[in-house]
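Let me begin by presenting the structure, written as structure tokens, before commenting on it.
The values are calculated or read from the model by the stated rules, or taken from the named source; none is laboratory data. Computed from a prediction, not measured in an experiment: that's the story for all the values here. Methodologically, a virtual Cβ is constructed for each residue, glycine included, from the backbone with ideal geometry; neighbour enumeration extends over all protein chains shown. Areas reflect the complete protein model, heavy atoms only, side chains present, ligands, DNA and RNA absent. Shrake-Rupley method; radii C 1.70, N 1.55, O 1.52, S 1.80 Å.
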Amino acid sequence: MEEKFDKNESSSQGIELKKYFFKIVSYWYLFVISVVLSFFIARWINNHAIPTYGLYATVMLKEESNEDEVAGGLTLFNKRKNIDTQIGILKSFSLSEEAVKELEFQTEYYRDERFRDNYEIYNNSPFVVNYDTTHKQHLWVPVYVEFISDKQIKISIENFRTEKIIKIGEQFTYNDFSFNITLRDSTTLDPQIIGNKYLFIKKSVTAIVNNYLGRVEIEVSPERSSILWLWLVGSVPEKDADYLNKLTELYIRKGLEEKNQKAGSIIKFIDQQLEGVSDSLQKTENSMQLFKQENKTIDISNEGMILLSRLTELQKYNQDQQKKLAYYTYLQNQIASEKKVGSLTAPSVMNINDPVLLGYLEKLSEIGTERDVLDFSVRTDIPISEKLDLQIQKIQNQILIHAKKNIEVTEADIEEIKRNIAKVNSDINRLPVSERKIVNIERKFNINDEIYTLLLKRRTEAAITQASNKADTKMLDAANPETAVKKTPDEGANKRKGIIFGFLIPILILVLIEFFNNKIKDKNDIESRTKIPVYGTIGKNKHRSNLPVIAHPKSPISESFRAIRTNLQYILKSKQNKIIAVTSSVGGEGKSFISTNLAAVIAISDKKTLLVGLDLRKPKLHEMFNFSNEKGISNYLVEYAEYEDIIKQTDVPNLFIALSGMIPPNPAELIESERMRIFFERAAEEFDYIVVDTPPIAVVTDALLLNEIADVYLYLMRQNYSSKNVIKLVEDVKKDNNLKNLGIILNEVQVSSGYGYSYGYGYGYGYGNGQGYYDEFDIEKKSIVKRIKKILKLKNTRNTHGKQA
């Protein structure tokens, strides 16, 4: 069973695929139109789209050398640039903003095109707009410029509906506009631009910067190298090249300025210290010179030399501690004043050996550099900024704690030194007065001279570093518009896409139509949704007659009815008297047509057949046979007529008909009456077959009242008319009413010959006698022949008349 089911399922899928394939083939013209149209649309896009070009610039980040070490081994800059940090600086808002302002990109110039989008012409504009900087200017408002002559131009502002003719160079003032227009080349005016129309727009710097930041891409290539590639894609390669080159120039310039600023802050700090030491040294020199003039030459005794050496040593140590105290106090003040973290001076500048503090400062400088990159960004409230701020604050607190502890220790050392100096001074006081004075003077002089010499050395080193500073970045390749590569439109790819879309669009349309079409299209739609058998399919009636089985017995539609007749004979072979009820869901599905032709095709097979019009609400059978409907079933059921009065002979041999009669107010009650049962009992005795035309069951339930009488129920559905939901209704009707021998007839089937079958013949009944299609084809051929003959006859008649004339 499972194997059989799988075979049926795969066969059904094959039929579905074949059906869709032939459906696509049948709409070949739609594909041709779509492909041709899509191809021409692709060509139109290629011809009218504004092309874009890609170009690049390369920058190399150099490694730092020992030339950057000054002031006792102080490294002013990191050994190697952080690649991500430098990329962040290059893509920063502030750097891009400065580049846009220096390049004066706020004003954009366009050529006014009639049949395509306006494209920017940048420096190819024949004129330049000079704004009045003291006057407010409108942003984002197009201003049209048309050259009327070599001296006059017409200014048009469509947004304000104003026009004005002015001279070239004349100031134009209107509303929030104030500018003048001068020629880009002031020496000559190209006569070809006269009559041409241009426009310019002043845009906001923020919008321009955001546009460039969204388009510029930076990558490292080769991987793990120090070479940055700056890529930019735009419609004006000359303008984009200028932007990339200016951006790189500013980046290199700012890096050099940062190095010089750090060296300058060291020199400034040393100069402040030198200023105080220089004053002290000058005073000491003056005191020594004055003393020697007054006392001539005085030799210092051995005891005095020992005391002088001891006192000089203590004073020097005291000076060192005072510098240390001043430096840590300087750190506290700098941090408290919230100065830039990178501007703090290293302890080695003051000849202070503090590796712990130096580690803090290097870490603070590194985090400060990352924070500076984020400061370039438009947004400063992003989470990483807050995280870096917390790290900076943490390190600053550690530095403050470290400085506070060092200040306490240094102050204690200074107090101890002062006590030792006081002790040495007391020993010096015991020396002769003149010797004591010279000892004190030489002590001060030696200390100040040594400090002054050290500071001068450090300042010289810092000045040399500042003078020899070189940029850490080098431009390898400047952006060149001549090397720009065209990116869009890709003409070949657009044509290929056009052809592909030309095929896909019709397929999509057909798929969507199939998906949203809830109508029954063929027998497979029925068989895939219900187990109720399909007794047959009926093609579309292409003839004028309502009885094609009589008027055109060799036609395909007649063969369809004969196939259904054969099926019914197999189904009802054990029945003596066969009552066939024909019904449908709604009106318009061809129920009366099927009932009439089915009864007729049975009658011509030498079976006495009665056609009963039981659609008492909307009778139609009398119209098909041109009978009066004054007497019929309804009259019989209300006892206004007898059985013999309502049975009528038709022109078809063996076919009799009982019409519906007058429309009653209570059809359902009449059909359920005892007289209705008596009618069918008597009719069954007289006729071989009884075909009953009943009302649609989705509208009324009259047809279901014949459940005890009918031997077969034929449920009619119409292709592309009946809804697929009807199939569920049929299932419910069969389940609720236990209908006998319920089968489905699919009416008005029109199937393309490409599907591989025609009119649903699939029951194993062949056409070996040469009947069937030939009759209909002959009709078509005859009609074509008649048309040709008619045309030729008209031509011959005209020629004859012409000769007679």
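To the nearest 0.05, what FRET efficiency results for Glu257 and Phe40 with a Förster distance of 56 Å applied to their C-beta separation?
So, using R0 = 56 Å, E works out to roughly 0.45.
Distance in nm between label sites at Asn211 and Glu644, each 7 Å beyond Cα in the beta-carbon direction?
About 10.2 nm, to one decimal.
Quickly rank 720-729, 656-665, 513-522 as a protection proxy: mean count of other C-beta atoms within 10 Å, highest first.
Working: 720-729: 16.7, 656-665: 19.8, 513-522: 13.2.
Listed from highest to lowest mean packing, they are 656-665, 720-729, 513-522.
Net charge within 13 Å of Tyr122 by Cβ-Cβ distance, Lys/Arg positive one each and Asp/Glu negative one each, not counting Tyr122 itself? Please list the in-between numbers first.
Details: positive: Arg111, Arg184, Lys239; negative: Glu104, Glu108, Glu120, Glu238, Asp240, Asp242.
Net charge around Tyr122: -3.
Which of the pairs Lys254/Lys363; Lys18/Lys591; Lys62/Lys246 have their Cα atoms more than 25 Å apart in this structure? Show your work: numbers first, answer last.
On the way: Lys254/Lys363 22 Å; Lys18/Lys591 31 Å; Lys62/Lys246 20 Å.
Long pairs (Cα-Cα over 25 Å): Lys18/Lys591.
Starting from the Cα-Cα distance between Lys167 and Lys404, subtract it from 0.36 nm times their residue separation and give me the gain in nm to one decimal. Walk me through the intermediate numbers first.
Numbers: separation 237, 0.36 × 237 = 85.32 nm, distance 7.33 nm.
So the extension gain works out to 78.0 nm.
Here are some pairs, Lys387/Lys487; Lys521/Lys554; Lys387/Lys457; which of them have Cα atoms lying more than 29 Å apart in this structure?
From the list (Lys387/Lys487; Lys521/Lys554; Lys387/Lys457), the Cα-Cα distance tops 29 Å for Lys387/Lys487; Lys387/Lys457.
What residues have an amide H closer than 5 Å to that of Val534, excluding those fewer than 5 places away on the same chain, when H is modeled at 1.01 Å from N in the peptide plane?
Ile744
Which net charge results when you count Lys and Arg as +1 and Asp and Glu as -1 among the other residues whose beta-carbon is under 14 Å from that of Phe501?
Neighbourhood net charge equals +4.
Say the cut-off is 19 Å between C-alpha atoms; which of Lys23/Lys519; Lys573/Lys608; Lys316/Lys404; Lys259/Lys324 go over it?
Result: Lys316/Lys404; Lys259/Lys324 exceed 19 Å.
Taking the mean number of other Cβ atoms within 10 Å as a proxy for protection, how do you rank 360-368, 732-740 from highest to lowest? Show your work: numbers first, answer last.
On the way: 360-368: 18.1, 732-740: 14.2.
Output ranking for 360-368, 732-740: 360-368, 732-740.
I need the shape label for segment 460-553. Rule: rounded when a/c is under 1.5, else prolate if a/b > b/c, else oblate, with a, b, c from the alpha carbon gyration tensor.
prolate
Can you list residues from other chains, or at least 5 along the same chain, whose modelled amide H is less than 5 Å from the amide H of Val612?
Those lying under 5 Å, H to H, from Val612 are Ala658, Val691, Val692, Asp693.
Suppose accessible area is computed on protein heavy atoms with a 1.4 Å probe; arrange Ser528, Ser592 from highest to lowest.
Correct descending sequence by accessible area is Ser528, Ser592.
How far is it, in nm, from the label point at Ile121 to the one at Asp736 when both lie 7 Å from their Cα along the line to the Cβ?
7.9 nm
Among Phe105, Phe93, what's the order by accessible area (1.4 angstrom probe), most exposed first?
Ranking Phe105, Phe93 by accessible area, largest first, yields Phe93, Phe105.
On average, how much area does the Cα convex hull of segment 591-642 cover when viewed from any direction, in nm²?
Over all viewing directions, segment 591-642 projects a mean Cα-hull area of 4.1 nm².
How would Trp231, Trp140 rank on accessible area, largest to smallest, probe 1.4 Å? Walk me through the numbers before you get to the answer.
Details: Trp231 90, Trp140 130 Å².
Result of the area sort, largest leading: Trp140, Trp231.
At a Förster distance of 56 Å, what's the computed FRET efficiency of Glu672 paired with Val32, Cβ-Cβ distance as r, to 0.05?
0.40
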